[in-house]
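Novice: Got a structure here, written out as structure tokens. Questions coming.
Taken together, the values in this text are just the output of simple stated rules run on the coordinates, not laboratory data. In this text the structure is predicted, and so the values were computed from the model without any measurement. Counting neighbours? That spans all protein chains shown, and the Cβs are built from the backbone with ideal geometry, glycine included.
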Amino acid sequence: MTREEAKNTIEKLREEISYYNEQYYQNDTSVVSDIEFDHLLEKLNQLENSYPEFKTSDSPTQRVGGTITKSFETVYHRYPMLSLGNTYSEQELVDFDKRVRKALPDQPVEYICELKFDGVALSLTYENGILARGVTRGDGERGDDITANIRTIRTIPLKIKEVGLPGIFEVRGEAFLPLSSFTRINKVREENGEALLANPRNAASGTLKMQDSSVVAKRQLDCYVYSFLADEEVVSTHAEAISLLEKAGFNVSPTFRKCKDIQEVIKYIEDWEFKRLELPLETDGIVIKVNSYSQQKALGFTAKSPRWAIAYKYKAKSAATTLHSIEYNVGRTGAVTPVANLEPVKLAGTVVKRASIHNANFIAEMDLRLGDTVFVEKGGEIIPKITGVDFSKRTPEAEEVVYPDHCPACNTPLIRQEGEAAHYCPNDFGCPPQIKARFEHFIQRKAMNIDGLGERTIELMLDKKLVHTVADLYKLTYDEIYALEGFKDLSTQNLLAGIENSRKAPFENVLFAIGIRYVGRTVAEKLARHFKNIDEIAKADKEALVAVPEIGERIADSVIGYFRDPDHQQLINELKAAGLQFELAEEEKDVQISDTLSGKSFVVSGVFENFGREEIKEVIVAHGGKLVSSISAKLDYLIAGDKMGPAKKEKAESLNIPILSEEEFIKMAGLVR
């Protein structure tokens with residue numbers, strides 16, 4: 001392919017992918033399948049890596065991230081991001097309306113009402129139709145430049161449609177983690193034995209401050225925009241601005257309403273008090289703004305907030321009830337999770353009997369005691385949680401909580417690893433709830449995907465002692481299954497077929513299914529593609545493991561510990577004998593483009609202009625090079641990007657290791673044509 005052909009193909013792919021993105025995120029229409037879309041995106045990514053001179057900031061490949069940022073630059077806002085005054089009272093809304101009308105005598109005043117989303121405020125600057133900068137609110141005067149992370153949010157346009165917007169303008173919006181994504185992430189973290197995220201807002205805030213934008217992309221943040229600012233007067237009302245942003249391709253919440261007076265505003269608040277609980281994200285109130293821009297200008301600002309807007313906050317749905325007892329549940333990884341059993345109490349339309357307590361640290365910090373009157377709220381309006389104790393109602397009979405030191409299921413002494421809040425039962429192969437949960441993890445769709453096998457059947461098999469480890473599933477006979485309660489000939493045949501089909505599951509599925517702590521689906525894919533087979537992973541040392549993108553020391557230690565365990569070694573051998581796939585399929589293995597870098601080892605450090613950190617590592621491997629994680633006398637080259645740590649540079653210089661700039665590496669790899 002010539003440079004000109006590559007350029008034309010890249011432009012065509014960008015246009016095609018951007019169209020599919022718009023249809024999916026703005027019009028809820030899937031024009032192509034996920035597989036077709038991913039194939040097009042991967043093709044574009046490969047071309048841009050081969051021809052980095054054609055890579056641009058508005059390319060759809062920027063959505064997947066890859067940029068590593070050691071620190072975020074502080075940026076002053078072109079227009080200050082002021083906070084809003086809050087009220088919980090309808091009377092204060094009436095008083096706000098009186099102040100507005102007094103300042104605008106004899107003028108009709110319209111209001112725009114919008115739901116107040118509980119997320120992270122962002123400022124997005126566009127120059128000549130391209131997203132130039134994304135900045136956090138910070139202190140209102142200045143915030144952090146998190147543009148690389150902002151680009152991963154698929155509902156934020158990288159390039160806008162031509163609808164008459166000025167050359168430079170700013171859009172304000174609220175980034176948030178949808179409740180479905182929050183639940184999905186916590187489910188994966190629980191399966192991997194990781195601490196759960198506290199709530200969607202904190203999770204969104206923490207995500208946007210991550211240094212690796214590829215990790216941000218996987219969180220699947222969303223964003224609603226709600227404000228337009230420019231030096232030029234393009235529209236005269238807030239409602240017109242919102243309509244213009246919609247036409248330009250921005251994601252605007254459909255919940256806004258224009259109200260002719262304050263009574264309609266109050267009606268809007270009443271309409272949404274409970275209806276908002278059905279939305280796919282957290283909300284905590286309503287924002288009320290004067291619609292006319294000229295009236296906003298006339299009303300002006302106080303030192304901290306605009307006089308033309310106010311936020312009505314719904315009172316938190318909280319209830320007081322009695323803490324009767326605490327039960328301790330054991331998960332697949334052995335993590336022991338305490339759950340409160342409460343006196344049933346009605347909260348936000350449902351009866352709450354149980355609530356989250358998190359861990360032993362939480363119990364100690366709250367000074368929880370059995371018999372206490374506790375306050376319960378619905379975190380994210382969904383998950384009940386204890387938020388406090390009414391100490392004024394504590395009685396002498398309140399019983400101090402003693403966290404168990406032995407597993408509540410198998411009585412094995414619990415362990416607590418340094419730096420972690422959770423307690424663990426180490427009895428992997430003898431603790432009943434761990435064994436059951438391990439089976440449930442193994443058969444799930446993202447793992448072995450065994451049709452016809454569910455939770456109830458697993459319980460029956462364990463009760464009958466037909467299975468002890470997941471390897472025993474592949475030894476089951478027709479007669480053993482047929483004898484189980486509820487099974488007939490057809491269901492038996494279906495289950496046997498499901499087990500047989502699972503032998504074809506790809507290596508990354510099997511690696512995820514065996515349940516190594518901290519190895520979720522994404523990490524399993526990374527390990528599988530890097531090492532190609534289970535034996536290479538099993539013998540890898542810590543240095544080799546952390547050289548894999550997204551694999552840190554904690555994951556590396558967990559992988560090493562897993563394969564050192566004789567019981568796990570036996571399990572792998574039995575699964576191999578059962579015919580499971582423990583090697584990457586030939587068509588999935590990375591295609592080596594050339595051997596230009598063959599025999600050379602590299603350490604990558606810093607931030608790069610033409611590559612994300614993961615991309616440059618993929619280029620090294622694709623051209624025959626070897627990645628290592630630390631600098632030693634055996635290293636051939638250190639590739640130095642912007643903001644590289646001085647310690648690595650000093651060590652490389654002391655060992656006389658050549659230090660390559662990004663441009664020098666591009667030439668060495670033969671990427672310049």
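Novice: Mind listing the long-range amide H neighbours of Asp118? Cut-off is under 5 Å, sequence gap 5 or more, other chains count too, H placed in the peptide plane at 1.01 Å from N.
Specialist: Counting only residues 5 or more places away or on other chains, the set is Glu282, Thr283, Asp284.
Novice: Here's another thing I want to ask about it. Is the shape of the chain rounded, prolate or oblate, going by the alpha carbon gyration tensor and its root eigenvalues a ≥ b ≥ c, with a/c under 1.5 for rounded and a/b larger than b/c for prolate?
Specialist: oblate
Novice: Rounding to the nearest 20 debye, state how big the charge dipole of the chain is about its Cα centre with +1 on each Lys and Arg Cβ and -1 on each Asp and Glu Cβ.
Specialist: In total the dipole reaches around 840 debye.
Novice: Continuing with the same structure: Can you list which of the trypsin sites (Lys or Arg not before Pro) found in the stretch 409-462 are DSSP loop residues with at most 13 other C-beta atoms within 10 Å?
Specialist: Here the trypsin sites (Lys or Arg not before Pro) that fit, given the DSSP loop and packing criteria, are Arg445.
Novice: Quick query: amide H of Asn449 versus all other amide H atoms, modeled in the peptide plane; which residues come in under 5 Å with a sequence gap of 5 or more or a different chain?
Specialist: HN-HN under 5 Å from Asn449: Gln444.
Novice: Residue farthest toward the positive end of the dipole of the chain, with Cβ of Lys/Arg at +1 and Asp/Glu at -1: which of Ala622, Val559, Thr387?
Specialist: Projecting each Cα onto the dipole axis, the largest value belongs to Thr387.
Novice: In the stretch 454-534, what GluC sites (Glu not before Pro) fall in a loop by DSSP, with at most 13 other Cβ atoms inside 10 Å?
Specialist: Here the sparse-neighbourhood loop sites are Glu485.
Novice: Within the stretch 334-410, list the GluC sites (Glu not before Pro) lying in a DSSP loop whose Cβ has at most 10 other Cβ atoms in a 10 Å radius.
Specialist: Glu397
Novice: Assuming 0.36 nm per residue, please report the length gained on full extension of the stretch Lys7 to Glu418 beyond their Cα-Cα distance.
Specialist: Using 0.36 nm per residue and subtracting the Cα-Cα distance, I get 142.7 nm.
Novice: Using a simple spin-label model with points 7 Å from Cα along the Cα→Cβ vector, what separation in nm is obtained for Lys446 and Lys304?
Specialist: That separation, rounded to one decimal, is 4.2 nm.
Novice: Along the Cα→Cβ direction, 7 angstrom out, place labels at Ala647 and Glu53. What is the inter-label distance in nm?
Specialist: 3.9 nm
Novice: Answer with one residue from Leu179, Met366, Ser598: the one whose Cα lies farthest towards the positive end of the charge dipole of the chain, charges on Cβ with Lys, Arg +1 and Asp, Glu -1.
Specialist: It is Met366, whose Cα lies furthest towards the positive end.
Novice: Starting from the amide H of Asp261, placed 1.01 Å from N in the peptide plane, find each other amide H under 5 Å away whose residue is 5 or more places distant or on another chain.
Specialist: Those lying under 5 Å, H to H, from Asp261 are Tyr111.
Novice: Once you sort the root eigenvalues of the Cα gyration tensor of the stretch 80-234 as a ≥ b ≥ c, which label holds: rounded (a/c under 1.5), prolate (a/b larger than b/c) or oblate (the other case)?
Specialist: oblate
Novice: Can you tell me how much longer the chain between Ser180 and Gln569 gets when fully stretched, taken as 0.36 nm per residue apart minus their C-alpha distance, in nm with one decimal?
Specialist: Residue separation times 0.36 nm, minus the Cα-Cα distance, leaves 136.4 nm.
Novice: Treat each spin label as a single point 7 Å out from the Cα along the C-beta direction, and report the Lys634 to Tyr478 distance in nm.
Specialist: That separation, rounded to one decimal, is 5.5 nm.
Novice: Explain nothing, just the number: dipole magnitude of the stretch 560-665 about its Cα centre with +1 on each Lys and Arg Cβ and -1 on each Asp and Glu Cβ, in debye rounded to the nearest 20.
Specialist: Taking the Cα centre of the stretch 560-665 as origin, the dipole is about 540 debye.
Novice: Between Ser294 and Leu462, what is 0.36 nm times their sequence separation minus the Cα-Cα distance? Round to one decimal in nm.
Specialist: That pair, Ser294 and Leu462, stretches by 53.2 nm at full extension.
Novice: Another one. Show me, for the stretch 144-150, the HN-Hα J-couplings you get by feeding each phi into the Karplus relation (A = 6.51, B = -1.76, C = 1.60, θ = phi - 60°), rounded to Hz, glycine and proline as x.
Specialist: These are the phi-based 3J(HN,Hα) values: 8, 7, 10, 4, 4, 6, 4 Hz.
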